[in-house]
Amino acid sequence: MRDLLKAIFILVLALTSGRVLADLPIALVAEARLPYDYSPSNYDNSPSNYNNSISNYDNSPSNYDNSESNYDNSASNYENNRNGNRRIIYSSNGSGTFAGYYAIADNGTTNFFSPSGKRMFYTPKGGRGVFCGKDGSFCGALAVVDGQFSLALTENGIKVMFLSN
């Protein structure tokens, strides 16, 4: 519970403060090694939970708030490019690579987009699970990894990310 509160606090800081805290790093995690609190075995993170389901209109790509054609979510919006304030960063060998951006919809859903503006993932309002933007499958979690709030992606999440680019 304490880690959850810490993660929420860090997320709020990251999303409301300046550029330094806004970058969201990607962490690679094995789904089988996720703690129960972050696992899809936990109903709160399960794709079968209607609150997480892609068929829930709040999470649906057909909802304009989540749409790639919404300017707030568009790759042409300055806030969403390599120099913007909502970057997703993949690090390997000590160097960071721009892997996309995130945008929070008015309904509270956090959407994650590729650099070209394709919707890769979403996290429902108040949730921590990360789900595929096309089929709603489990792709990871928003979690503290190595002391840093991260987009923790499973093997499925990495596959979705690479296929979106």
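Bear in mind that the values in this text are calculations on the coordinates, not laboratory data. All of these numbers come straight from a predicted model, not from anything done at the bench. Reconstructed Cβ throughout: ideal geometry from the backbone, glycine too, with neighbour counts over all protein chains shown.
How much of the DSSP beta bridge set in the chain is antiparallel, as a percent to the nearest 5? For the chain, the DSSP antiparallel bridge percentage is about 85.
With a 10 Å radius around each residue's Cβ, average the other Cβ atoms per peptide and rank 109-122, 83-96, highest first.
The most tightly packed comes first, giving 109-122, 83-96.
Once the mean 1/r over all distinct Cα pairs of the stretch 55-117 is inverted, what Kirkwood radius in angstroms do you read off?
Hydrodynamic radius (Kirkwood, Cα pairs) of the stretch 55-117 is 12.1 Å.
In the chain, helical runs assigned H by DSSP with n ≥ 4 each contribute -39500 (n - 2.57); averaged across all residues and rounded to the nearest 500, the mean residue ellipticity at 222 nm is -5000 deg cm²/dmol.
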